[in-house]
Amino acid sequence: MREFLWLVPLLPLIGSVTLMLGAGRLTMRLAGTIGAVSVGLAAILAFTIAAGFLTNPPAGSVYQQTLWHWLNVGGVSATFGLRLDPLSLVMMLVITGVGFLIHLFATEYMEGEDGYGRFFAHLNLFVAAMLLLVLADNFLALYTGWEGVGLGSYLLIGFWWRDPANGLAARKAFIVTRIGDTALFLGLLLITSHLGTLNIADAMQHATQSWPIGSPIATLAAFLLLGGAVGKSAQLPLQTWLPDAMVGPTPVSALIHAATMVTAGVYLIARTHALFLLAPAALLTVGIIGGATLLLAGFSALAQNDIKRILAYSTMSQIGYMFLALGVGAWDAALFHLMTHAFFKALLFLSAGAITMRLHHEQDIFKMGGLARRLPVAFWSFLIGSAALAALPLVTAGFYSKEAILSGAWAGGTSGRVLWLAGVVGAFMTGLYIFRAVFIVFFGEEHGHVSGRYGWRITTPLAVLSVLAVLGGLIEVPPVFGHVTLLSNLLAPVLPATKEVTDITPLLLASLAALLGIALAALFYWRPTQRPAETPLWRFWHAAGGFDWLYNRVLVRPVLWAARVNSDDFIDSFYDVIAWATKAIHQQVRRTQNGRVRWYTAGLAIGSVSLIAIAVLL
Amino acid sequence: MANVPLDQGLLLAAILFALGLTGVLVRRNLLFMLMSLEVMLNAAGIAFIVAGARWAAPDGQIMFIFVLTFAAAEVSVGLALILLIHRQNPMLDADAGDRLRG
Amino acid sequence: MNTTFEISAVVAVLATLMMITRPSAVHALLYLTVSLLAAAMVFFVLGAPFAAALEVIIYAGAIMVLFVFIIMMLNIGDAAAALESTWLQPSTWIGPSVLALLLAIELGSLAVTGGLARPAGSVVNAQAVGLALIGPYMLAVEIASFLLLAALVAAFHLGRAVMREE
């Protein structure tokens, strides 16, 4: 089955192209079927390939499929190929599996919307680009997928384009991530020009051989790649686009802005970990960015009233955990958390979508309340997702993955201990903010009018994801609870091993922090609560530390000012003169076009007379 | 009979051509403009005949026949157009048809 | 020198001059016919009897009859002639006359100084013309036939539009 790997990204692409070509001609049912089935087939194929891969791994755990030679210029050769190794295998399974569940959810969620076919065309396009990103064996294809997911994100954030605010949010997401993309592109150029290859594995090998640890060139390259990762994964300082991106449809938020695209940065750093190991400064920065982002996002999530924005900040925060893990060298813990996060965050977003679709798209948690009895399906899904997000000990997937990260940080020396502390505070905040949402939304006074029932296309993804959010963590269990190492064994050939931690102190403390956060949330929000007062502190965190305000002042306004000042400078006046002269001459010349035949005849005659006169006289 | 100085023949053609041109430029009635155009075409024909006579070759007369053909075609289409224009513009005023002015 | 030629030439010029100054369409048409007949005389004098015959038959005959038809159909009468004379102001004559005079002088000077002051050759009869026409000029004849066909179709189309509206 392995040789059909190229079909995995191609199937969603075919679905996307079919939907685009059939735009406006396909019935809603057919469009949804094409959209979901194309990803579903890709998922079946991916799982079949995975089964083959696990039972009968190829040599070196790497399956390389070269599709064609892209270019061969000046010593730089780029083959277009796919590379399946444990890292891309995990990503591929997450993307196709979670992606299919979200597609299935969306077929019902988006029913009756204008542009139903367009939605699935773009969603399929996104999945195809994301699969290309993770399966690419060279930087060029990776960058193609990288930009492709950016495009898909842009198109889907602005899906409801009739509201200009949504278009603005889409533009903001595109431009902010573009800053990171530019850094990534420069980094890729640097790597290619110095190492002479676009192939990722070769480039990493050459880098290890030719660049000493801590060399400026390696550090620069690592920082540039980090820039790209930071932009795509909404980490400090390019995090401002993610909360605004929540104006897109909820399945989009679940797929793109929680489960897959925003984790592309994590994947990129894991994929190029050899380079980051050569640049300790960059690696430390990854950890610091992760720690700072998870704290900032955790505090900000506590000051949000919009259910989707709470989840957006929690996504930012959880990706901060993954960055933290990468920064302390707990590579497989980062991947583990990426996977479990995809399960429980998709679950949270989908159940939030399931709630809002019954409340006429009301997203303010203070206008909900008492929904536990009225929407049991959504309640249990959201509760399981929240428990996993808050890392409720032992019974949730999030616990095991977060525990792996924090153990890794604990073992990471002084800087690791500081980051561990940040992680523990973050775990406390996570429990607090997500259960604040749970208590406000599902308990207390009943608000809002609930109507309608869920079909199987809503409940099935919720059920499957709930199971995964509970049991998905059991593939990697710390020594104290039985020591299962399925994932780290799988990833061992491609990622460096993590130090084994047998000390259970960090585990206990982290569990305690999470439980404390949940308990505190119960204490404050069990009883019905009022909307929080707009104190300056609340406003500060509501605006997520005021980065939007800062960037607006420091970047946007000066650029706008410069554009306005330069809009009619003296160079323009030169062209204005040309335009003015053209107009003036036109005004005079058009008098000769008076439409009279005799006048034209006279002109002809005058011309002939002049010409003959020249011929005769000269 | 054939001792006509050919410069005089060409002079005649030039004068007739200029008179035809004057007619086209002066008259505002499309019918008169068409008649003046016939004069100009005829003058061209005279020039061809004169040139043919100069070298005693048939080519001049052949070109005259082509001019004649052209004149016949031009007059038939031109008069049909005048019939159409007459409905909009009974006085056949050439200056009134200036919808193409800039 | 040939008196027949000179008389014909003077008649042609005078008739044309009259034609372009007449306010009445019928008068102008008669003068035009005279001018064409005078031109036919010139052709005859120049040794081109076939062209002279064609000039009389087609130009002065068929084409002029077309003009007569049109004048009759459009019923151009005294009112039109009166309007025509108001259009023919002396001031409108100045520019075109000067222009035409310049053109005539230029062309005439070219004719006079062109080294052509030599009598014409012998008569070129219809047989020579006909042989050349279906010989070297075959292609041009075909093209001319296309032109006539196109004119036929166009005139028919335009005429039908007139008929339908009436």
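Assess whether C:Ser109 counts as being open to solvent by 20 Å² or more (accessible area, probe 1.4 Å), at the interface with chain B (Cβ under 7 Å from one of its Cβ atoms) and among the hydroxyl-bearing types (Ser, Thr, Tyr). Walk me through it before giving the result.
On the way: open to solvent by 20 Å² or more (accessible area, probe 1.4 Å): yes; at the interface with chain B (Cβ under 7 Å from one of its Cβ atoms): no; among the hydroxyl-bearing types (Ser, Thr, Tyr): yes.
Spelling it out, it is not the case that C:Ser109 is open to solvent by 20 Å² or more (accessible area, probe 1.4 Å), at the interface with chain B (Cβ under 7 Å from one of its Cβ atoms) and among the hydroxyl-bearing types (Ser, Thr, Tyr).
Look through C:Ala117, C:Ala111, C:Ala140 and report the one residue that is small (Gly, Ala, Ser), modelled with pLDDT under 80 and part of a helix (DSSP H, G or I).
Testing whether each residue is small (Gly, Ala, Ser), modelled with pLDDT under 80 and part of a helix (DSSP H, G or I) leaves just C:Ala111.
Take A:Gly517 and tell me if it is surrounded by 14 or more Cβ atoms within 10 Å (Cβ to Cβ), on the phi > 0 side of the Ramachandran plot and either more than 14 Å from chain B (Cβ to nearest Cβ) or over 29 Å from the mean Cα position of the chain (by Cα) (or both). So that I can check it myself, show each step before the final result.
Numbers: surrounded by 14 or more Cβ atoms within 10 Å (Cβ to Cβ): yes; on the phi > 0 side of the Ramachandran plot: no; either more than 14 Å from chain B (Cβ to nearest Cβ) or over 29 Å from the mean Cα position of the chain (by Cα) (or both): yes.
No; evaluated as a whole, the condition is false for this residue.
In the range A:175-193, which residues are within 14 Å of A:Ser233 (Cβ to Cβ) and of a type outside the set (A, V, I, L, M, F, W, C)?
A:Thr177, A:Gly180, A:Asp181, listed by residue number.
Kindly indicate whether A:Ile310 is in contact with a helix residue (DSSP H, G or I) (Cβ under 9 Å, 6 or more places away or on another chain), open to solvent by less than 10 Å² (accessible area, probe 1.4 Å) and among the β-branched types (Val, Ile, Thr). Outline the logic, then answer.
On the way: in contact with a helix residue (DSSP H, G or I) (Cβ under 9 Å, 6 or more places away or on another chain): yes; open to solvent by less than 10 Å² (accessible area, probe 1.4 Å): yes; among the β-branched types (Val, Ile, Thr): yes.
When the stated conditions are applied, A:Ile310 passes them.
If you check B:Arg87 against the conditions, is it in contact (Cβ under 8 Å) with a residue 40 or more places away in the chain, open to solvent by 30 Å² or more (accessible area, probe 1.4 Å) and within 8 Å of chain C (Cβ to nearest Cβ)?
For B:Arg87, the condition - in contact (Cβ under 8 Å) with a residue 40 or more places away in the chain, open to solvent by 30 Å² or more (accessible area, probe 1.4 Å) and within 8 Å of chain C (Cβ to nearest Cβ) - is not met.
So, in the range A:108-127, of the ones that are of a type outside the set (Asp, Glu) and over 17 Å from A:Gly22 (Cβ atoms), which residue ends up most open to solvent (accessible area, probe 1.4 Å)?
A:Gly112
Since B:Val24 meets every condition but one in (1) touching a Lys or Arg at 6+ places or on another chain (Cβ under 9 Å); (2) crowded, with 22+ Cβ neighbours inside 10 Å; (3) at the interface with chain C (Cβ under 7 Å from one of its Cβ atoms); (4) not basic (Lys, Arg), which condition does it not meet?
All conditions are met except number (3).
Only residues that are in contact (Cβ under 8 Å) with a residue 24 or more places away in the chain and among the aliphatic types (A, V, I, L, M): list them for the range A:464-474, please.
A:Val464, A:Leu465, A:Leu468, A:Ala469, A:Val470, A:Leu471, A:Leu474
Being of a type in the set (Lys, Arg) and over 23 Å from A:Ala42 (Cβ atoms) is the requirement here; does A:Arg162 meet it?
Yes, satisfied.
Please specify each residue of the range B:35-60 satisfying the condition of being facing chain C (nearest Cβ under 8 Å) and among the aliphatic types (A, V, I, L, M). Walk me through it before giving the result.
Residues of the range B:35-60 facing chain C (nearest Cβ under 8 Å): B:35-36, B:38-39, B:42, B:45-46, B:49-50, B:52-60.
Scanning the range B:35-60 gives B:Met35, B:Val39, B:Ile46, B:Ile49, B:Val50, B:Ala53, B:Ala56, B:Ala57.
Identify all residues within the range A:225-273 that are more than 23 Å from A:Asp548 (Cα to Cα) and open to solvent by 10 Å² or more (accessible area, probe 1.4 Å); write none if there are none.
A:Arg271, A:His273
When residues of the range B:50-102 are filtered for being basic (Lys, Arg), under 29 Å from A:Gly595 (Cα atoms) and in a helix (DSSP H, G or I), how many remain?
1
In this structure, does A:Ile434 turn out to be part of a helix (DSSP H, G or I), in contact with a Phe, Trp or Tyr (Cβ under 8 Å, 6 or more places away or on another chain) and open to solvent by less than 20 Å² (accessible area, probe 1.4 Å)? Even if it seems obvious, please write down each step before you answer.
On the way: part of a helix (DSSP H, G or I): yes; in contact with a Phe, Trp or Tyr (Cβ under 8 Å, 6 or more places away or on another chain): no; open to solvent by less than 20 Å² (accessible area, probe 1.4 Å): yes.
Here the answer is no, as A:Ile434 does not meet what is asked.
Against the conditions (1) part of a helix (DSSP H, G or I); (2) within 27 Å of B:Leu84 (Cβ to Cβ); (3) at the interface with chain B (Cβ under 8 Å from one of its Cβ atoms), where does C:Leu99 fall short? Just the number, please.
Only one criterion is unmet by C:Leu99, namely (2).
Examine the range A:589-596 for a residue that is away from every other protein chain (no Cβ under 14 Å) and open to solvent by less than 80 Å² (accessible area, probe 1.4 Å), and state whether such a residue exists.
no
Any chance the range A:332-355 includes a residue that's touching a strand residue (DSSP E or B) at 6+ places or on another chain (Cβ under 7 Å) and crowded, with 24+ Cβ neighbours inside 10 Å?
Our first condition is that a residue be touching a strand residue (DSSP E or B) at 6+ places or on another chain (Cβ under 7 Å); within the range A:332-355, this holds for A:336.
Then keep just the ones that are crowded, with 24+ Cβ neighbours inside 10 Å; that gives A:336.
Scanning the range A:332-355 turns up at least one residue that is touching a strand residue (DSSP E or B) at 6+ places or on another chain (Cβ under 7 Å) and crowded, with 24+ Cβ neighbours inside 10 Å.
Starting from residues that are open to solvent by 10 Å² or more (accessible area, probe 1.4 Å) and within 18 Å of A:Ala258 (Cβ to Cβ), keep the ones in the range A:356-370 and report whichever is modelled with the lowest pLDDT.
A:Gln363
I need the full set of residues from the range A:9-27 which are within 20 Å of A:Leu45 (Cβ to Cβ) and aliphatic (A, V, I, L, M), in order please.
Of everything in the range A:9-27, those that are within 20 Å of A:Leu45 (Cβ to Cβ) and aliphatic (A, V, I, L, M) turn out to be A:Leu10, A:Leu11, A:Leu13, A:Ile14, A:Val17, A:Leu19.
Give A:Leu133, A:Leu104 a once-over and let me know the one that is in a helix (DSSP H, G or I) and open to solvent by 10 Å² or more (accessible area, probe 1.4 Å).
Criteria check complete, one pass: A:Leu104.
State which residue pairs qualify: first residue under 15 Å from A:Gly369 (Cα atoms) and inside the range A:510-530, second residue open to solvent by less than 100 Å² (accessible area, probe 1.4 Å) in any location, beta carbons under 6 Å apart, and separation of 6 or more residues or different chains.
So the pair list comes out as A:Tyr525/A:Arg436; A:Tyr525/A:Phe439; A:Tyr525/A:Ile440; A:Trp526/A:Phe439; A:Pro528/A:Gly444.
Just one of (1) under 19 Å from the mean Cα position of the chain (by Cα); (2) more than 7 Å from every other protein chain (Cβ to nearest Cβ); (3) surrounded by 14 or more Cβ atoms within 10 Å (Cβ to Cβ) trips up C:Ala81, so point out which.
The one condition C:Ala81 does not meet is (1).
Out of the residues in the range A:597-618 that are open to solvent by 80 Å² or more (accessible area, probe 1.4 Å) and either touching a Ser or Thr at 6+ places or on another chain (Cβ under 6 Å) or within 11 Å of chain B (Cβ to nearest Cβ) (or both), which is nearest to B:Asp95 (Cα to Cα)?
Once the filter is applied, the top-ranked residue is A:Trp599.
Condition check: more than 8 Å from chain B (Cβ to nearest Cβ), open to solvent by less than 80 Å² (accessible area, probe 1.4 Å), at pLDDT 85 or above and out of contact with any strand residue (DSSP E or B) (no Cβ under 7 Å at 6 or more places or on another chain). Does C:Val56 satisfy that?
When the stated conditions are applied, C:Val56 passes them.
Identify, by number, the condition in (1) assigned to a helix (DSSP H, G or I); (2) surrounded by fewer than 19 Cβ atoms within 10 Å (Cβ to Cβ) that A:Ser16 doesn't meet.
Among (1) assigned to a helix (DSSP H, G or I); (2) surrounded by fewer than 19 Cβ atoms within 10 Å (Cβ to Cβ), the lone unmet condition for A:Ser16 is (2).
Could you tell me which numbered condition B:Met63 fails, if it satisfies all but one of (1) more than 7 Å from chain C (Cβ to nearest Cβ); (2) within 24 Å of C:Ile20 (Cα to Cα); (3) free of Cβ contacts under 8 Å to residues at least 40 places away in the same chain?
Unmet for B:Met63, out of (1) more than 7 Å from chain C (Cβ to nearest Cβ); (2) within 24 Å of C:Ile20 (Cα to Cα); (3) free of Cβ contacts under 8 Å to residues at least 40 places away in the same chain: (2).
The values are calculated or read from the model by the stated rules, or taken from the named source; none is laboratory data. Model, not experiment: these values are computed from the prediction. Positions of Cβ are backbone-derived with ideal geometry, glycine not excepted, and every protein chain shown enters the neighbour counts. When the accessible area is computed, the model is the full protein with side chains, heavy atoms only, and any ligands, DNA or RNA have been set aside. Shrake-Rupley method; radii C 1.70, N 1.55, O 1.52, S 1.80 Å.
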